[in-house]
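Below is one structure, written out as C-alpha cells, with a few remarks after it.
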Amino acid sequence: MRQVFVPVLAIVLFLLFWEGLVWVNDWPNYKMASPSDLWPAFWRFKWLFLTFGWETLWRTVVGLLIAIVVGVLLGMVMGFSRVLREGLYPLLVGFNAIPKATVVPIVALMFVGQHDLNTVLIAFMISFFPIAVSVSIGLSTLEPEYRDILRALGASQMTIFWKIALPKTLPEFFGALKVAVTLAFIGTNLMEIVSPHGRGLGALFDSGKTNSDYPLMFAVLISLAMLGIALYYVVVVLERIFAGWAERQTD
Amino acid sequence: MTPALHKDLIRIDGVSHTFTTESGSLPVLDNLTLGVPENGFTAIVGPSGCGKSTVTRLVAGLLKPDAGSVWLQGQEVTSPRSVVGMAFQNPVLLEWRSILKNVMLPLEIVSSSLSSAAREARARDLLKLVGLAGFEDKRPSELSGGMRQRASLCRALVHQPEVLILDEPFGALDAFTREDLWQTMHRLREEEPFTGVLITHDLREAIFLADEVIVLSGRPATVQYTKALPQRGPRSLDQLYTPEATETLNILREQIKIAREGEEPGS
C-alpha cells in the first residue's frame, strides 16, 4: 500500500509544484507549458500517441535486447580473459565517450531509409556499454575459492559458469540493465528526432516543434517519461524473480 | 619410485614449486616430502605465507608441481579428482541457494548412482550431524559464521570423498565457536571416515584435531619437524591443558620460531 501511495503522492506534488510555478510566473506556453495544458494535447493526438508510443517502445526494447546479448557476450569474453579485457577496454571506453548524437547522422547515411534498423542500432549502441562492463567486472572479481570448490571436483569451465559465475553476476547485471533501459530510450529518441523519420514519439516531438505546439512537445516528454518508468519497473520485476536472493531482508 | 611403494593414501614426493609474479619468481616449496596414511589426519603448520595453501592446491590437483609428484591412493595426481573435498577459511556458500541445496552442490557435479531423494537424505543427515537440523531451507546470509562453516564442512563431505582438505577453515571464527567446531570435526571423523589434511596457524587446533603435526620451514618450504601425537580420535578440550599438551605446544612454538628465523629477510 505504502509502496504505491508514496510514489503517487510524490508525482501529484510534483505536478502541483509545476502548475504553481507556471501560474505564479505567468509564463506563456512557449516558455513552459503547465500540466493543465498537457491533457488537451494528449487528448487531441491520442491515436498518434498510442501508435507512435508503441513504435518508440518496440524499437527501444529490440535495441535493448540486442544490447543485452552483445553486452553479456562482451562481458563474458572480458571477464574470462585478461588479455582480451586489457585489449578491449580502451576501445569500449572510447566508443562510449563518443556522443551518440554525432553518430546519428552517420548511421542515418550509412543505412539510408532503413529507419527501423537505424533507430534500433542507436538504441543498442548507447546501452550495451554498462551491461558489458558490469558482467565483465562480476566475472573477473569472482573469488578463486568459488571456482575451486567446483574445479576440485573436476567440473568443466561451462559448469562453473552456469552454476556459479552466472548467478553470482546477476545482481550486477540487473543494476546495469536499469541504467541501460533509460539510455536505450535516449538512443531511440535521438534517432527519431534527428532523422526525417516521421514515426515514433521523437517525430511527434519534432512536429510539435515545427508547428509551435508547445503543449504537445511537453506532452511527448511526459509520455516518454511514463514509458521509461514502465520499462524500468519491468526490469525491477525481472530482478526480483531472478536475483531476488541478493535483496536484504529489511523486516 | 613406483606407486606400489606408496603405503600412504596421500603422498607428496620431493615437490618443488615456484610462482612467477610480475616482480620475479618466488620459490614456495623446496623438495617437500610428506605422507598421510589412510584415515590419518595431519595438521600442517608454519609461518604465514610459507606455502601451506599451495600444498592443498597440489593435493587437490588444482596446481601442478614444477618438480616432484603428488599421489592419491597410489595414483599420480595430474588433474582434479572427485575423491577430494575442500573447505576454506571463507565458507563460499552460494547465496542464491538454500543451505540444503548448497550442501548438495557437489552431488550435481560428481557422477553418482544415488537417486535425487537419496542425495537429499544424505545432505540432511550430514546437516543433522553437525547440528544444523532445521536450518536446511535458510539462506546462507541468515546463518552465523560458525553455522556457515558447518554447512561448508557438510558440502566438503557430502560426496564421501577419500580426502578432506581443510585450509584454515576455523581461522575467522571466535574462540568459543572454534572449539565447538573442533568437537564437530571429531564427530564427523567418527561417522565419516576420511583422510584429512588441515592447514592451520592455531597450534592448539593442530594438536586437538590431528594425529600428526608437520611444521614447515619458511619460504621456500620444506618439512622442518614432524610431531606424532600420542592419541588418535576424539579427545576432550581438557586434554589441551595437561602438562603433556603444554609441552607439545612449547615444542611446536619453538619450531615455528626457528622456521621464521630461517626465512629470508623482507618476507
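Equivalent-ellipsoid semi-axes for region B:71-121 (Cα gyration tensor, √(5λ), whole Å, largest first): 24, 17, 8. Normalised by the number of residues in region A:25-166, the mean separation of alpha-carbon contacts (under 8 Å, six or more apart) gives a relative contact order of 32 percent. The modelled label-to-label distance for the pair A:VAL69/A:VAL179, using points 7 Å beyond Cα in the direction of Cβ, is 2.4 nm.
In a shell of Cβ-Cβ distance under 11 Å around B:ALA175, excluding B:ALA175 itself, what net charge do Lys and Arg (+1) and Asp and Glu (-1) give? Every neighbour counted, the sum reads -3. log₁₀ I(q)/I(0) of region B:40-85 at q = 0.18, 0.26, 0.30 Å⁻¹, via Debye over equal Cα point scatterers, no solvent, to two decimals? Calculated log10 I(q)/I(0) at the listed q: -0.59, -1.07, -1.21.
Per residue of B:104-114, what is the mean number of Cβ atoms on other protein chains within 10 angstrom of that residue's Cβ? Before the final figure, lay out the partial values.
Working: counts 0, 6, 5, 1, 5, 11, 3, 1, 0, 0, 0.
Average neighbour count from other chains, rounded to a whole number: 3.
Over the C-alpha atoms of chain B, the Rg to Rh ratio, Rh being the Kirkwood estimate, stands at 0.97.
On full extension of the chain, what length is gained from A:GLU86 through A:THR159, given 0.36 nm per residue of separation minus the C-alpha to C-alpha distance? Each step should come with its number before you reach the end.
Details: separation 73, 0.36 × 73 = 26.28 nm, distance 2.55 nm.
So the extension gain works out to 23.7 nm.
As a length-normalised measure over Cα pairs under 8 Å and 6 or more apart, the relative contact order of region B:92-160 settles at 52 percent. Add +1 for every Lys or Arg and -1 for every Asp or Glu among the other residues with Cβ under 14 Å from the Cβ of B:LYS64, and state the total. Counting the neighbours of B:LYS64, the net charge comes to 0. Summarise the long-distance tail of P(r) for region B:1-159 by giving the % of C-alpha pairs beyond 19 Å. Counting every Cα pair in region B:1-159, those more than 19 Å apart make up 62 percent. In whole Å, what is the distance between the alpha-carbon centres of region B:50-111 and region A:1-42? Spelled out, the Cα-based centre of one part sits 62 Å from the other.
Of all the accessible heavy-atom surface of the protein assembly as shown, with the other protein chains kept in place and a 1.4 Å probe, what percent is carbon and sulfur?
On the way: 15620 of 25660 Å².
So the carbon and sulfur contribution to the accessible surface is 61 percent.
Using only Cα coordinates, the Kirkwood hydrodynamic radius of region A:208-251 works out to 13.0 Å. Once you reduce region A:178-241 and region A:106-145 to the center of their Cα atoms, the two points are 18 Å from each other.
Normalised by residue number, the volume inside the convex hull of the Cα atoms of chain A is 165 Å³ per residue.
Hydropathy first: keep DSSP H helices in chain A averaging at least -0.5 on Kyte-Doolittle, then drop any whose Cα extent along the axis falls short of 30 Å, and list what survives.
A:2-25, A:46-80, A:115-140, A:166-194, A:214-243
Peptide B:88-96 shows a mean partner chain C-beta count of 5 within 10 Å per residue C-beta.
Please give the total accessible area that chains B and A bury against each other, computed with a 1.4 Å probe and expressed in Å² to the nearest 100.
On the way: alone 12660 and 14880 Å², together 25660 Å².
Summing both sides, the interface buries roughly 1900 Å².
Here the spin labels are modelled as points 7 Å beyond Cα on the Cα-Cβ line, and at B:PHE176 and A:GLU19 they lie 6.2 nm apart.
Quick one: which of A:LYS168/B:LYS101; A:LYS100/A:LYS168; B:LYS52/B:LYS257; B:LYS227/B:LYS257; A:LYS163/B:LYS128 span more than 20 angstrom between C-alpha atoms?
Details: A:LYS168/B:LYS101 15 Å; A:LYS100/A:LYS168 32 Å; B:LYS52/B:LYS257 16 Å; B:LYS227/B:LYS257 16 Å; A:LYS163/B:LYS128 25 Å.
Too far apart for the 20 Å limit: A:LYS100/A:LYS168; A:LYS163/B:LYS128.
For region B:164-219, the normalised intensity computed at q = 0.31 Å⁻¹ comes to -1.55 (log10 of I(q)/I(0), Debye sum over alpha carbons, equal scatterers, no solvent).
Within a Cβ distance under 15 Å of B:ILE251, other residues only, what is the Lys/Arg minus Asp/Glu net charge?
Numbers: positive: B:ARG204, B:LYS227, B:ARG253, B:LYS257; negative: B:GLU212, B:GLU244, B:GLU247, B:GLU254.
Taking every Cβ under 15 Å from that of B:ILE251, the sum is 0.
Counting only heavy atoms of protein chains, what accessible area per residue, in Å², does chain A have with a probe of 1.4 Å? Don't jump to the answer; show the numbers that get you there.
On the way: 13920 Å² over 251 residues.
With all protein chains present, chain A gives 55 Å² per residue.
Kirkwood analysis of region B:9-89, using all unique Cα-Cα pairs, places the hydrodynamic radius at 13.3 Å. Pairs of C-alpha atoms in region B:92-160 farther apart than 20 Å represent 17 percent of all such pairs.
Counting only C-alpha contacts under 8 Å and six or more residues apart, can you give the relative contact order of chain B as a whole percent? Walk me through the numbers on the way to the answer.
Details: 504 pairs, mean separation 66.5, N = 267.
Relative contact order, chain B: 25 percent.
Heavy-atom accessible surface of chain B, averaged per residue, reaches 44 Å², computed with a 1.4 Å probe. Spacing of the modelled spin labels on B:THR78 and A:PHE95, each 7 Å from Cα toward Cβ, amounts to 4.1 nm. Quick one: Debye curve from the C-alpha atoms of the protein assembly as shown, no solvent, what's log10 I(q)/I(0) at q = 0.07, 0.12 Å⁻¹? For the protein assembly as shown at q = 0.07, 0.12 Å⁻¹, log10 I(q)/I(0) is -0.58, -1.09. Averaged over residues, the count of other Cβ atoms within 10 Å places the peptides B:61-67, B:139-145 in the sequence B:61-67, B:139-145, highest first. Its Cα gyration tensor gives region B:96-221 an equivalent ellipsoid; the semi-axes, largest first and in whole Å, are 26, 17, 13. So which DSSP H runs in chain B come out at 15 Å plus along the axis (Cα) with average Kyte-Doolittle of at least -1.0? Sorted by number, the helices that extend far enough and score high enough are B:99-109, B:116-129, B:145-157, B:243-261. Candidate cross-link partners of A:LYS178 among the aspartates and glutamates, defined by an alpha-carbon separation under 16 Å and a same-chain spacing of 8 or more, comprise A:GLU239, A:GLU247.
Taking 1 over the mean of 1/r across every pair of different Cα atoms in region B:210-267, what Kirkwood radius in Å do you get?
12.7 Å
Distances between every pair of Cα atoms in region A:128-186, grouped in 10 Å steps from 0 to the bin holding the largest one, split as 23, 43, 23, 9, 2 percent.
The values are calculated or read from the model by the stated rules, or taken from the named source; none is laboratory data. This structure is a prediction, so every number in the text was calculated from the model and none was measured. Heads up, the Cβs are rebuilt from the backbone with ideal geometry, glycines too, and the neighbour counts pull from every protein chain shown. What goes into the accessible areas is simple: the full protein's heavy atoms, side chains included, and nothing from ligands, DNA or RNA. Shrake-Rupley method; radii C 1.70, N 1.55, O 1.52, S 1.80 Å.
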